[in-house]
Amino acid sequence: MLDKSVQWRIDSGSMRFEEPGYRTTVEGILATGLATEVVGLLSAGKEADVYLTRYHGGPLAVKVYRLYRTSHRGGRPVKLDRMSWLAAYEFELLRMAWKGGARVPTPAKRVENMLAMRYLGDEDRAAPRLQDVRLDDPEPALAAIVDGVVQMAVAGVVHGDLSAFNILLYRGEPWFIDLPDGFRVDRLGAAPWRRLQQASDLLTRGLTAVNVYFRKYGLSIEVDGTVARIVERLDRRGVLK
Ligand SMILES: Nc1ncnc2c1ncn2[C@@H]1O[C@H](COP(=O)(O)OP(=O)(O)O)[C@@H](O)[C@H]1O
Ligand SMILES: [Mg+2]
């Protein structure tokens with residue numbers, strides 16, 4: 001059953017059908033109880049769509065991993081399993097980062113390939129991506145991003161796809177989103193050297209991507225030194241020494 005207000009939006013044409021599965025997805029979000037109302041689509045990405053919804057009035061973002069239309073070539077259906085796994089993994093990384101005090105949207109609930117989290121934005125508009133913003137005061141923003149990356153790492157999470165596209169500016173602070181490619185560094189497991197190396201590679205790539213955005217302000221992070229400092233904190237057993 002569709003929520004009445006959603007049905008009205010569909011009937012009146014004020015809800016856009018970006019996807020053939022839009023209606024099914026909306027029904028899924030409501031049926032699983034992730035939200036009680038779907039307001040509309042915030043973003044249609046390659047692998048997932050993000051919806052603005054409400055849960056008993058309060059706004060909530062719901063990210064839905066696509067089951068059929070993805071960036072994968074060949075058009076073969078991608079199994080619910082894999083997309084559910086991605087949603088669960090992103091949920092878990094968000095939870096870890098959030099518990100560690102990093103600025104990520106608080107995860108609320110995950111059901112199958114759908115994940116509900118805090119909506120960053122206000123009534124008029126969602127928080128913009130750093131990529132789409134011209135900063136008046138870029139220096140503290142860059143420092144806050146580096147702090148955020150360190151904080152996430154200390155919480156056990158390294159972002160796998162960090163760039164100005166996956167940082168939202170909300171209430172004057174950078175918030176990190178889009179974590180399914182992230183990497184857990186809280187338990188380094190049997191091959192800590194390899195995992196630290198992997199973490200180091202991801203951090204280097206992410207901070208380099210952040211530097212691309214800050215180039216226009218003539219600012220940059222000293223990548224190697226910053227990564228070395230973070231990895232040193234992660235290397236509790238001193239395997240890199
Ligand atoms: N919690 C959120 N609050 C507000 N907007 C969000 C939220 N999560 C995602 N978005 C919007 O949806 C877009 C896509 O989300 P993202 O997680 O980066 O998925 P992908 O890049 O895989 O499509 C973001 O750029 C942002 O505009
Ligand atoms: Mg993204």
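Rule-based calculations on the coordinates, nothing more; no lab input. Everything numeric in this text was worked out from a predicted model, so none of it was measured. With ideal geometry, Cβ positions are generated from the backbone for all residues, glycine too; neighbour counts draw on all protein chains shown.
Can you give the longest stretch of the chain with no exposed loop site, where a site means chymotrypsin sites (Phe, Trp or Tyr not before Pro) in a DSSP loop (not H, G, I, E or B) with at most 16 other C-beta atoms within 10 Å? It works out to 69-164. Summary value for the chain: 13 percent relative contact order, contacts being C-alpha pairs under 8 angstrom separated by 6+ residues. Model label sites at Ala228 and Ala143, defined 7 Å from Cα along the beta-carbon direction, differ in position by 2.3 nm. Counting other C-beta atoms within 10 Å, and keeping those with at most 13, which DSSP coil trypsin sites (Lys or Arg not before Pro) do you find in the range 28-64? In loop regions of the range 28-64 (DSSP not H, G, I, E or B), the sparsely surrounded trypsin sites (Lys or Arg not before Pro) are Lys46. Close amide-amide hydrogen proximity is noted between Gly182 and Gly160, each under 5 Å apart and 5 or more residues distant or on a separate chain (H modeled in the peptide plane; Pro and chain starts excluded). Cβ crowding within 10 Å ranks Leu240, Leu196 as Leu240, Leu196, fewest other Cβ atoms first. Between the residues Ala228, Thr25, Val64, the greatest Cα displacement towards the positive end of the dipole of the chain, with unit charges on the Cβ of Lys, Arg, Asp and Glu, is found for Ala228. Residues Glu222, Glu90, Glu173, Glu37 in ascending order of nearby Cβ atoms (within 10 Å, fewest first): Glu222, Glu173, Glu37, Glu90. Would you mind checking the pairs Lys46/Lys241; Lys99/Lys241; Lys46/Lys216; Lys46/Lys109; Lys109/Lys216 and listing those with alpha carbons more than 32 angstrom apart? The pairs that break the limit, which is 32 Å between Cα atoms, are Lys46/Lys241; Lys109/Lys216. Regarding the range 130-241, what is the average projected area of its C-alpha convex hull, in nm²? Orientation-averaged projected area of the Cα hull: 6.7 nm². Modelled this way, with points 7 Å down the Cα-to-C-beta line, the labels at Asp186 and Val239 are 1.8 nm from one another. Between amide H atoms placed 1.01 Å from N, distances below 5 Å from Tyr170 occur with Trp175, all of them 5 or more places distant or on a separate chain. Each listed q (0.07, 0.12 Å⁻¹) maps to a log10 I(q)/I(0) for the chain from the Debye sum over equal C-alpha point scatterers, namely -0.26, -0.73.
Rounded to the nearest 500, the 222 nm mean residue ellipticity of the chain from helices alone is -12500 deg cm²/dmol, with -39,500 (n - 2.57) taken per DSSP H run of at least 4 residues.
Once the Cα atoms are used to define both axes, helix 138-154 deviates from the longest principal axis of the chain by about 90 degrees.
Between beta-carbons, use under 11 Å as the cut-off and find the net charge around Pro138, counting Lys and Arg +1, Asp and Glu -1.
On the way: positive: Arg134, Arg215, Lys216; negative: Asp136, Asp137, Glu139.
Value of the local net charge: 0.
Rounded to whole numbers, the Karplus 3J(HN,Hα) couplings from phi for the range 217-225 are 9, x, 10, 7, 8, 7, 5, 4, x Hz, using 6.51 cos²θ - 1.76 cosθ + 1.60 with θ = phi - 60°, and x at Gly and Pro.
Using equal-weight Cα scatterers in the Debye expression, the normalised intensity of the range 48-174 in log10 at q = 0.19 Å⁻¹ is -1.18.
Relative to the longest principal axis of the Cα atoms of the chain, helix 80-99 runs at roughly 60 degrees.
So for each of 105-115, 229-239 I average, over its residues, the number of other beta carbons within 10 Å; can you give me the resulting order with the highest mean first?
Values: 105-115: 20.7, 229-239: 14.4.
By packing density, highest mean first, the sequence is 105-115, 229-239.
For Thr32, neighbours were defined as the other residues whose beta-carbon sits under 11 Å from its Cβ, and their charges (Lys and Arg +1, Asp and Glu -1) total 0. With angles folded into 0 to 90 degrees, how steeply does helix 22-31 sit against the dominant principal axis of the chain? Use alpha carbons for both and round to 10. Helix 22-31 sits roughly 80 degrees off the main axis of the chain. Please list, by residue number, every one of the trypsin sites (Lys or Arg not before Pro) in the range 163-215 that is coil in DSSP and has at most 12 other beta-carbon atoms within 10 Å. Sites meeting the loop and neighbour criteria: Arg171, Arg187.
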